[in-house]
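Read through the structure below, which is laid out as C-alpha cells, and then see the notes.
The values are calculated or read from the model by the stated rules, or taken from the named source; none is laboratory data. Because the structure is predicted, anything quoted here is derived from the model rather than measured. Here Cβ is always computed from backbone atoms with ideal geometry, including for glycine, and neighbour counts include all displayed protein chains.
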2 protein chains.
Amino acid sequence: MPFISKKGFAMPESPIRKLVPYAEAAIEAGNEVIHLNIGQPDIETPEVALQAIKNYDKKVIEYSHSAGFLSYRKGLAKYYQSKDLDVDYQDIIITNGGSEAILFAMMTCFNPEDELIVPEPFYANYNAFALEAGVILRPITTYLKDSYALPPIEDFRELINERTRGILICNPGNPTGYLYNEEELETLRKIVLAQDLFLFSDEVYREFCYDGRDHHSILSLEGLENHAIIVDSVSKRYSMCGARIGALVSKNKDVMSTAMKFAQARLSPPTLGQVAGEAALNTPDKYFEDVKAEYLSRRDILVDGLNSIQGVTCPKPGGAFYAMAELPVDSAENFCQWILDSYSYKGHTVMMAPAEGFYASPDLGTREVRLAYVLEKDKLKKAIEVLRNALEEYPKTLEAQSSAVDVRAI
Amino acid sequence: MPFISKKGFAMPESPIRKLVPYAEAAIEAGNEVIHLNIGQPDIETPEVALQAIKNYDKKVIEYSHSAGFLSYRKGLAKYYQSKDLDVDYQDIIITNGGSEAILFAMMTCFNPEDELIVPEPFYANYNAFALEAGVILRPITTYLKDSYALPPIEDFRELINERTRGILICNPGNPTGYLYNEEELETLRKIVLAQDLFLFSDEVYREFCYDGRDHHSILSLEGLENHAIIVDSVSKRYSMCGARIGALVSKNKDVMSTAMKFAQARLSPPTLGQVAGEAALNTPDKYFEDVKAEYLSRRDILVDGLNSIQGVTCPKPGGAFYAMAELPVDSAENFCQWILDSYSYKGHTVMMAPAEGFYASPDLGTREVRLAYVLEKDKLKKAIEVLRNALEEYPKTLEAQSSAVDVRAI
C-alpha cells in the first residue's frame, strides 16, 4: 500500500475538529449545543442575491472567464471605489472563496522556505495554506492584555531576516476581532517599504467595524501599489459563505498576471456563486445598517456577559464577529471538552474553539477560547448563563477528580 | 518591488491563450470564429438541475460539510453503485471541480520531486497542478499512428525508478478521446501492484463512450482498493462546467482522511453547485441517450470530414468529445495563428488548440491540433469547409512569403 505525502501528514486538522465527537455526544444525550465555535452567521443573505439565483434563466451553466465575470469584476471595482479605494476591474481575480485567494497569493509571491510574518493568534487555516505553498509562517505575538494590538515596530524588525518576504494581517481580525488603526497601518507601510516585502491583508470582515470606527484598507496606503494584496470574500459580508466567492485584489501587474495562471489552471470560479455575488452588489445600505446593529448588540451581550463572569477577561473587539476570552481554567481545551462531555445547564451546553490552535508559538492561548457572535441574542444570553454556571461547577469537578485520583494513588 | 515566486514564473500558460488575441482580431475584422478549441459544450444542462436552482429556498447560503452535502455524497455513491462500482459515501469528497480533486490527490499522495507517469498527449492543466504540488510529470508517449493506444508494459518499466510514485490516466482521454480497453487497464493494474504505485484516473468523460463500447473504471480493478483514486466532475456529464463540482473518490482510508484535511482548510465546495449536482443525479436516462447520440453524430461529421481533407489524419476517438488531427503543415501553431489572423472563408474562420501544449516531451505534436466537437452539427460542417479551403490556400501563402523573403534577401 503506497504511503501518503509528508505534506498530507503534516497538514493541520481544524482546531475544533477533535471537539466534534463531544458535541455529537452532548446532542445525543438530549442537550442543545449552542455553537459559538464557528463563523457561520444566521443572518439572512440579501434578498437581491437569493432572487438572482431564483431568476437564473440560462440553459447551460457555463464556465466563466478564469478571472470571473467581466461584469462582476467591473461591479466589484465600483464597490471598492465607493470605499475610496483605487481599484480597477483588471486588479481583481474572482476566486473560490477567500481561501483560494490566500493560496494563490502565497503561491504567486513566495518560494518554499520563504517566511511570512503573521500576528498571532491568527486564522488557523493560514497554517494549512502556508503548508500547501511551502511557506514558513513566523508568528509575531499579540496579547489579550493589550486587546491584541500590533506590537511595536522593533518586534517586527527582530523577526525579519533574509528569508522574510511578507507580512499577513487580517483586518478586522479573526479570531481577535481586532481592528487596526491608521498608525498601525502606517507602521506596516514603513516596514514593508523598507524591506521590500509583500503585505497581504485579509479584509473579508471589512463591513463590520463598530463604535463609529472606520476600516482602513492597505489599498489606501501610499506607495504600496506593488506590495499590497488584499484577500476578500462575499461569505461574511452578505452572509453567503456557501457561495464560495472571494477575490484577490492588487495593483501589482506581475502578481496579477501570475495569479491568473493559477486561476486558469482551475478554469473558473463558481458561476452560480458569482451570479449571487454580483447581484449582492446591489444590496441596499439598510441591510448593512441592520446587520451591523445586530452584530453590535450581540457583541455587547456576549462581551459584557463574559466580563461579568468572575475570572473571565474578554477585550471588546472593534470589528468582525469574534471575541477572544481568557477563562479561569488551566486548560481551555479540557474545559471546552468537559462542558460538552460532562456538563449541561437547563438542557443547554456550549461549543467553543480552544484558542491554542490559533497560535503558532507553543504554549500560548492555553487559557483562551474564541467565540463567534453569529447567533441570535437569546442564544448568546443563554450561552453566558451556561458558561457562568459551568465555570462555577468546573473547579469542584476537578477537585473531586483529583481526590478520586488521590484515593486510588494510596 | 518584491519579486514573484519561481513557481509562479514557471506556471504554464494555457496552450491556447496566445491565440486569443488573434481570435479577437478575427472577430473585429467581421469574421465569425468557430470555436473548436475549448470543451465548453452547448448541450443544455438537465432541466432537473436548472429547476433545483430556481427552487432554492434557503434564506442563508451556508457552508456545507467540507466533504460536501451528506445527501449528495450518498446519492453519488448510488450513482457509482449503478455502474457496478463499490463506492460508499465515505469514499467521496466533493471538490471545486475535477481540478481541485486532482490537486488534492497530488498533494495527498506525493512529495516534491516524486514522479508521476502520464501518457502524453495529456490535459495541459495537469502540468499546472503538478507544478503546484511540486510533482514531476514523466510522460510516456502515445502516438497518433496507434490511435493513442497505451504503449506496451515494457515502456512503462523503462520509466519507473525509485522516485516513481504513481500513474495518471484520463479515460476517456482529453485531448485524444482515447477509451482504454480492459487489457490496457489490466496492464496498469499489474504495474501498479508490482511497484506499489498510486493509480489516478480522471474519469470525467465516463458517460461518453461510443460504438457500443463500455467504460471501465479503475475502481473495478481487483486488489487496487488502496491504490486507485478517481477524479470525477459534473462539468461534462451534465453540461454544467460552471457549477464547479467535482469529486475525489477512493477506498484508501489514509488518502481520504488526508485529503479531508486539505478540504477542511478551504472550508467547503460551492453550495449552489452542489444543489445543481445533487438534483442532476435524477437526470432521466433519455437525456444521456440523446446527448450521446448527438455527440456521436458530431464526432462522425468532424472526424470523417477531417479525414476527407487531403493530408489530414484523424483517428476516430472512442469517447469524450475531442479529436486529435495531424495536419499537412510544418507547424500547427503557425497554421492555427494564420487561419485566425489572415484567413477566412465565406466570413468564417476556425479556432483550434495546437497540440504541442498537450505534450511534455519536446518537439512532439508540432503538426497536430486538438478539436472539440461540442458545437452543433452545422457549425462543424462549416468548420470542415473552412479548414479544407484553408489547407489548400496555406501552402500558396507560405510560397508567396518565401519568395518575398528571397527577393529581400538578394
Might you let me know whether region A:266-277 holds any residue that is within 11 Å of chain B (Cβ to nearest Cβ), among the small types (Gly, Ala, Ser) and not in a helix (DSSP H, G or I)? yes
Looking for something closer than 30 Å to A:GLU132 by Cα, in the same structural domain as B:THR271 (by TED's automatic domain parsing) and of a type in the set (Val, Ile, Thr) - is there at least one such residue anywhere in region B:52-70? yes
Enumeration of residues in region B:1-32 that are more than 8 Å from chain A (Cβ to nearest Cβ), acidic (Asp, Glu) and surrounded by 14 or more Cβ atoms within 10 Å (Cβ to Cβ): B:GLU32
Among helices (runs of 4 or more DSSP H) lying entirely in region B:12-125, which contain 3 or more residues that are within 30 Å of A:PRO41 (Cα to Cα)? B:47-54, B:70-82, B:97-109
Please give the number of the condition A:LYS316 fails out of (1) in contact with a strand residue (DSSP E or B) (Cβ under 6 Å, 6 or more places away or on another chain); (2) assigned to a loop (DSSP other than H, G, I, E, B). (1)
Condition met for B:PHE110 (in contact with a Cys (Cβ under 8 Å, 6 or more places away or on another chain), within 14 Å of chain A (Cβ to nearest Cβ), touching a residue at least 40 places away in the same chain (Cβ under 8 Å) and closer than 30 Å to A:THR108 by Cβ): no
So, of the residues in region A:33-68 that are away from chain B (no Cβ under 11 Å) and among the aliphatic types (A, V, I, L, M), which turns out to be farthest from A:ASN125 (Cα to Cα)? A:VAL48
Could you check region B:136-171 and list, in sequence order, the residues that are within 20 Å of B:MET107 (Cα to Cα) and of a type in the set (Ser, Thr, Tyr)? B:THR164
Scope region A:144-186; condition outside any loop (DSSP other than H, G, I, E, B), surrounded by 17 or more Cβ atoms within 10 Å (Cβ to Cβ) and not hydroxyl-bearing (Ser, Thr, Tyr); matching residues: A:LEU144, A:PHE156, A:ARG165, A:GLY166, A:ILE167, A:LEU168, A:ILE169, A:CYS170, A:GLU184, A:LEU185
Qualifying positions in region A:116-143 - within 19 Å of B:PHE9 (Cα to Cα) and surrounded by 21 or more Cβ atoms within 10 Å (Cβ to Cβ): A:ALA130, A:GLU132, A:ALA133, A:VAL135
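Results for (1) of a type outside the set (A, V, I, L, M, F, W, C); (2) within 15 Å of A:VAL118 (Cβ to Cβ), shown as yes or no for each residue.
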{"position": "A:PRO152", "(1), (2)": "yes, no"}
{"position": "A:ARG157", "(1), (2)": "yes, no"}
{"position": "A:THR164", "(1), (2)": "yes, yes"}
{"position": "A:GLU184", "(1), (2)": "yes, yes"}
{"position": "A:PHE198", "(1), (2)": "no, yes"}
{"position": "A:CYS209", "(1), (2)": "no, no"}
{"position": "A:ILE218", "(1), (2)": "no, yes"}
{"position": "A:GLY246", "(1), (2)": "yes, no"}
{"position": "A:THR258", "(1), (2)": "yes, no"}
Kindly list, by first and then second residue, each pair from a residue in region A:134-150 that is assigned by TED's automatic domain parsing to the domain that holds A:PRO121 and hydroxyl-bearing (Ser, Thr, Tyr) to a residue that is crowded, with 17+ Cβ neighbours inside 10 Å and in a strand (DSSP E or B), limited to pairs with Cβ atoms under 8 Å and residues at least 6 apart or on different chains. A:THR141/A:PRO119; A:THR141/A:GLU120; A:THR142/A:PRO119; A:THR142/A:GLU120; A:TYR148/A:PRO119; A:TYR148/A:MET324
Return the only residue of A:ARG237, A:ARG213, A:ARG244, A:ARG189 being of a type in the set (D, E, K, R), within 9 Å of chain B (Cβ to nearest Cβ) and touching a residue at least 12 places away in the same chain (Cβ under 8 Å). A:ARG244
Taking region B:79-101 and keeping only residues that are touching a Ser or Thr at 6+ places or on another chain (Cβ under 9 Å), within 14 Å of chain A (Cβ to nearest Cβ) and either at negative phi or polar (S, T, N, Q) (or both), one is left with B:ILE93, B:ILE94, B:THR95, B:GLY98, B:SER99, B:ALA101
Filtering region B:113-136 for residues that are facing chain A (nearest Cβ under 9 Å) and of a type in the set (Phe, Trp, Tyr) leaves a count of 1
Among the residues of region A:288-299, count how many are in contact (Cβ under 8 Å) with a residue 12 or more places away in the chain and more than 13 Å from every other protein chain (Cβ to nearest Cβ). 8
A:ASN55 passes all but one of (1) at pLDDT 90 or above; (2) among the polar types (S, T, N, Q); (3) under 24 Å from the mean Cα position of the chain (by Cα); (4) within 21 Å of B:ARG244 (Cβ to Cβ); which number fails? (3)
So A:ILE384 clears everything in (1) touching a residue at least 60 places away in the same chain (Cβ under 8 Å); (2) outside any helix (DSSP H, G or I) except one condition, right? Which one? (2)
Only residues that are closer than 14 Å to B:GLY273 by Cβ and out of contact with any strand residue (DSSP E or B) (no Cβ under 8 Å at 6 or more places or on another chain): list them for region B:213-255, please. B:ARG237, B:TYR238, B:SER239, B:MET240, B:CYS241, B:GLY242, B:ALA243, B:ARG244
Find all pairs meeting these conditions: Cβ atoms under 8 angstrom apart; at least six residues apart or on different chains; first residue within region B:17-36 and over 26 Å from A:ALA265 (Cα atoms); second residue not β-branched (Val, Ile, Thr). B:ALA29/B:SER344; B:GLY30/B:GLY347; B:ASN31/B:SER344; B:ASN31/B:GLY347; B:ASN31/B:HIS348; B:GLU32/B:GLY347; B:GLU32/B:HIS348
Assess whether B:GLY311 counts as being among the small types (Gly, Ala, Ser) and either under 28 Å from B:VAL118 (Cα atoms) or assigned to a helix (DSSP H, G or I) (or both). no
Return the pair list, or none, for Cβ contacts closer than 7 Å from residues in region A:332-357 that are on the phi > 0 side of the Ramachandran plot to residues that are among the acidic types (Asp, Glu), at least 6 apart or on different chains. A:GLY347/A:GLU32
Would region B:51-60 turn up any residue that is free of Cβ contacts under 8 Å to residues at least 60 places away in the same chain and surrounded by 17 or more Cβ atoms within 10 Å (Cβ to Cβ)? yes
